[in-house]
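The values are calculated or read from the model by the stated rules, or taken from the named source; none is laboratory data. Given the structure is predicted, the values throughout are model-derived calculations rather than measurements. Cβ: placed from backbone, ideal geometry, glycine included. Neighbour counts: every protein chain shown. Calculation scope for accessible area: heavy atoms of the full protein, side chains included, ligands and nucleic acids excluded. Shrake-Rupley method; radii C 1.70, N 1.55, O 1.52, S 1.80 Å.
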Amino acid sequence: ETGNVTLDVGFVNTASCQSEITYIDGDAGILRYRGYPIDELAEKSTFIEVSYLLIYGELPTAEQLDAFRSRISRHTMLHEDLKDLLAAFPRDAHPMSVLSAAVSALGTFYQDSLSIKDPDQIELSTIRLMAKLPTIAAYAHKKSQGQPLLYPDNSLNLVENFLRMTFGFPAEPYDVDPTIAKALDMLFILHADHEQNCSTSTVRLVGSAQAHLFASISAGIHALSGPLHGGANSAVLEMLGEIHESGDDVETFMNKVKNKEDGVKLMGFGHRVYKNYDPRAAIAKKFAHEVMEKMGVDDPLLDIAIRLEEIALKDDYFVSRKLYPNVDFYTGLIYKAMGFPTEMFTVLFAIGRLPGWIAQWREMIEDPATKIGRPRQIYVGETERHFTEMDAR
Ligand code: SDX
């Protein structure tokens, strides 16, 4: 009972919860939303339909989907004063900081939908977030470019509207490229939920204190911004760009990773759960080729990415540590080919993940049995000791 206590802890109980939303088998590379395999949804569904599935638990009928889409389209605009708040941010503000601040501010502009007990208010905050996050994201991009904002055009669907607000200009018509719209819609599906990842657990934990949905989602956006989580898609592009600019061959870089030089990691590789392969990475890789081919983009960074993957899949350092490409390894290349700047990549991840965050928050609010318990700790600090006066220290 003296000095630090060291514990030989064979098993550390991690905070966990039960849920009906997403199933992952990390060894088999299986991901299902409400029981539906991710590859079927990515191929056959749409982001708005998958959002409905995650939030309400079933694939919608045509009428239900139309009603959901029309409820969202009525809320795509922002309160005009919120635009003044966005205008006050410095031009070089990171769009993830703008996004989390603006979502938090929604709780001040829409105080008629803060209840965590009134189902109508929960529904209203759900719809407002689904509708306004793409608008806020587009505005964050326009702000960084010093370009005028565009109001939403509700004759377009959610993804098309976002593309037009992001890349369009008031002075001229903007025709949405169907290839980009379809690819972005599919990428949003790939990101829509992922069980208890860092940002989703953050949303649940903040919500478990009965904080309202806007506050909980704002906290999730902050968690997602970390480079080991959602920020990885930007970090992958920076890594590929550095390899390209250095003129190093890929093998030289991989040796730096294996020697852990300056803590360098192979960004976009590894996963806390997938110890075989991330099914989303396989789908994104296929799409990367398709999108670039259709857009006539010949990006040398894609060749570097493919070469890195080839080496890693054969090299014992990576194989023994079960390091395979994750969802972030190829998505950044597709976003770049679409014309998004690197700092917007994690914002795109947030738009995709929003329905999952909302579904998980609602599940926890509606069924306290699915709460994440209050995490405990293994105390390894000082044993009891008593206060000493200054002259005795
Ligand atoms: C996402 O949880 C989710 O579901 C997240 C996500 C989602 O949809 O929400 O899937 C999205 O966040 C994907 C992950 C994106 N992050 C990155 O790509 C960043 C790079 N990857 C890592 O930092 C890392 O792989 C983690 C954090 C993702 C997972 O780490 P693990 O599996 O817990 O592994 P670890 O940190 O315990 O490391 C085990 C070993 C170590 O080597 P040794 O100490 O045993 O010698 O593997 C090494 C690590 O150094 N290692 C890597 C590595 N990841 C782990 N070495 C080089 N490059 C890497 N990327």
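Hey, Arg376 hits all of (1) over 23 Å from the mean Cα position of the chain (by Cα); (2) in a helix (DSSP H, G or I) but one; which does it fall short on?
Condition (2) is where Arg376 drops out.
Got a sec? Which of Trp361, Trp357 is at pLDDT 95 or above, among the hydrophobic types (A, V, I, L, M, F, W, C) and within 30 Å of Met239 (Cβ to Cβ)?
On the way: Trp361 fails: within 30 Å of Met239 (Cβ to Cβ).
Only one candidate qualifies: Trp357.
Only one of Arg376, Arg353, Arg385 is free of Cβ contacts under 8 Å to residues at least 60 places away in the same chain and not acidic (Asp, Glu); which?
Matching residue, one of Arg376, Arg353, Arg385: Arg385.
Hey, among Ser100, Ser104, Ser115, Ser144, which residue is of a type outside the set (Asp, Glu) and open to solvent by less than 10 Å² (accessible area, probe 1.4 Å)?
Result: Ser100 is the single residue among Ser100, Ser104, Ser115, Ser144 that is of a type outside the set (Asp, Glu) and open to solvent by less than 10 Å² (accessible area, probe 1.4 Å).
Given the conditions (1) part of a helix (DSSP H, G or I); (2) in contact with a helix residue (DSSP H, G or I) (Cβ under 8 Å, 6 or more places away or on another chain), and given that Val297 satisfies all but one, which numbered condition is not satisfied?
(1)
Of everything in the range 15-42, what is in contact (Cβ under 8 Å) with a residue 40 or more places away in the chain and open to solvent by 70 Å² or more (accessible area, probe 1.4 Å)? Give them in sequence order.
Residues satisfying the conditions are Ser16, Gln18, Glu20, Tyr23, Asp27, Asp39.
Looking at the range 347-367, is at least one residue loosely packed, with under 15 Cβ neighbours inside 10 Å and part of a helix (DSSP H, G or I)?
yes
Can you name the residue in the range 237-277 that is within 7 Å of the ligand (Cβ to nearest atom) and aliphatic (A, V, I, L, M) and, of all such residues, is most open to solvent (accessible area, probe 1.4 Å)?
Val273
If you go through the range 193-236 one residue at a time, how many are open to solvent by 20 Å² or more (accessible area, probe 1.4 Å), aliphatic (A, V, I, L, M) and near the ligand (Cβ under 8 Å from one of its atoms)?
1
Given the criteria assigned to a helix (DSSP H, G or I) and under 21 Å from Glu160 (Cα atoms), does Leu129 qualify?
Values: assigned to a helix (DSSP H, G or I): yes; under 21 Å from Glu160 (Cα atoms): yes.
So Leu129 fits the description; yes.
Yes/no per residue for (1) at pLDDT 95 or above; (2) not in a helix (DSSP H, G or I):
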| residue | (1), (2) |
| --- | --- |
| Leu163 | yes, no |
| His194 | yes, yes |
| Ala209 | no, yes |
| Phe214 | yes, no |
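Could you check the range 292-310 and list, in sequence order, the residues that are surrounded by 24 or more Cβ atoms within 10 Å (Cβ to Cβ) and more than 11 Å from the ligand (Cβ to nearest atom)?
The answer is Ala305, and nothing else.
Within the range 172-192, can you find the residues that are without any contact (Cβ under 8 Å) to a residue 40 or more places away in the chain and either in a helix (DSSP H, G or I) or within 16 Å of the ligand (Cβ to nearest atom) (or both)?
Hits for the range 172-192 are Pro178, Ala181, Lys182.
Among (1) more than 16 Å from the chain's Cα centre (by Cα); (2) surrounded by fewer than 19 Cβ atoms within 10 Å (Cβ to Cβ); (3) within 16 Å of the ligand (Cβ to nearest atom), where does His386 come up short?
(3)
Considering every residue within the range 311-328, establish whether at least one is buried (at least 24 other Cβ atoms within 10 Å of the Cβ), under 22 Å from the mean Cα position of the chain (by Cα), among the hydroxyl-bearing types (Ser, Thr, Tyr) and within 15 Å of the ligand (Cβ to nearest atom).
no
Testing Pro60 on (1) more than 20 Å from the chain's Cα centre (by Cα); (2) crowded, with 21+ Cβ neighbours inside 10 Å, one condition comes back false. Which one is that?
Of (1) more than 20 Å from the chain's Cα centre (by Cα); (2) crowded, with 21+ Cβ neighbours inside 10 Å, only one is false for Pro60: (2).
Condition first: under 20 Å from Thr200 (Cβ atoms) and aromatic (Phe, Trp, Tyr). Now tell me which residues in the range 354-393 satisfy that. If you could, list the steps in order and put the result at the bottom.
Filtering the range 354-393 down to residues under 20 Å from Thr200 (Cβ atoms) leaves 354-375.
Within the range 354-393, Trp357, Trp361 meet the criteria.
Could you please find all residues in the range 63-89 being open to solvent by 80 Å² or more (accessible area, probe 1.4 Å) and under 25 Å from the mean Cα position of the chain (by Cα)?
Passing the criteria: Arg69, Arg74, Met77.
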